[in-house]
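Taking it in order: structure first as structure tokens, then the write-up.
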Amino acid sequence: MRARLVLLPAIVLAFVSPLTVRATSDGTAVDQPEPAVARPLFAKSAQYPLLPRALEVELALSAAPKHLREGATVWVLEQSGYTKMKEGTNAFSCLVSRRSGDVFPVCWDAEGARSLLPIEFDDAQLRLSGKSTAEIDELVDQRFKQGRYRPPARAGIAYMLAPLRFRIDEAGKVTRTPSSPHLMFYGPNLTDSDIGGARGSLVFINRVGPDGMMIVPVGEKERAAIVTESQSLVEQVERTIGYQPR
């Protein structure tokens, strides 16, 4: 008896993704996985995914309070590095950081844009030139010591109000890291002892150094509202960068 290929209805095939039905040389139907979808990368690095421009703009602005978004400057990462996508009318500059595969949106005030935002731009250019994460971290430390980078010179604020943050390793594996919406006040070279801070409390230092920040989480009510409003955006970003929730 000759083997026959049985064609399944199209509506069924739509639900067997990522498997597709293919025929072997003898006509037998078999399931085979779809090939992996190629995602555009910056500098051929899996740690620096390129996002659709509209999505990157929306994600970058999600770091800021609503009343600042319309007037903020927005930078997006393209194949040649960060490019100014929108010229703002207020003092804030927003982008999606990807340093060392740590992907999150942030918005800097004028002082942060002057002193710390250039590190993001240089990080992208160094990665494009072939530098590794360790080499870039060493160069950033050296440039602070040499005075090429300077810590913020006055009090100021950066916003990280989006409830999402991802870590991407060098092999491209994406994990979601805890990220509570928060405010960041410049605290160069301060420690938790200096401010009475403790991780998980009302205020703490994220790291000790010239680019250190005092982290102040938003309240529970504000956090709940932000999480609800951001759900659709979070899902879009997860699909785009290939995050697979467990």
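Greater than 23 Å separation of Cα atoms is the criterion. Which listed pairs, 66/86; 86/131; 44/66, meet it?
86/131; 44/66
Check each of the trypsin sites (Lys or Arg not before Pro) in the range 144-189 and keep only those in coil by DSSP with at most 14 other C-beta atoms within 10 angstrom; list them in order.
Listed in order of number, the matching sites are 148, 154, 173.
Between the range 60-135 and the range 157-196, what's the alpha-carbon centroid distance in Å?
15 Å
Give me 131, 44 ranked fewest to most by other Cβ atoms within 10 Å of their Cβ, as a rough exposure proxy.
44, 131
Tell me, what ³J(HN,Hα) does each residue in the range 226-238 have, in order and in whole Hz, if you take phi through Karplus 6.51 cos²θ - 1.76 cosθ + 1.60 with θ = phi - 60° and put x for Gly and Pro?
5, 4, 5, 5, 9, 4, 5, 5, 4, 5, 4, 5, 4
So which aspartates and glutamates pass the test for residue 173, namely a Cα distance under 15 Å, with those fewer than 8 places away in the same chain ruled out?
Answer for residue 173, where 15 Å is the Cα cut-off: 102, 238, listed by chain and number.
Tell me which GluC sites (Glu not before Pro) from the range 134-185 have a DSSP coil assignment and no more than 16 other beta carbons within 10 Å of their own.
170
Using per-residue counts of other Cβ atoms within 10 Å, averaged over each peptide, order 69-82, 52-65 from highest down. Please report the intermediate quantities before stating the final value.
Values: 69-82: 18.4, 52-65: 20.0.
Averaged packing, sorted descending, gives the order 52-65, 69-82.
Whole-Hz Karplus ³J(HN,Hα) for the range 60-66, in order, using 6.51 cos²θ - 1.76 cosθ + 1.60 and θ = phi - 60°, x for Gly and Pro?
For the range 60-66, the Karplus-derived couplings read 4, 5, 5, 6, 9, x, 4 Hz, x marking Gly and Pro.
Every read-out reported here was derived from the displayed coordinates using simple, explicitly stated rules and does not represent laboratory data. Nothing here was measured: the structure is a model prediction, and the numbers come from that model. Cβ sites come from the backbone with ideal geometry, for glycine too, and all protein chains shown count toward neighbours.
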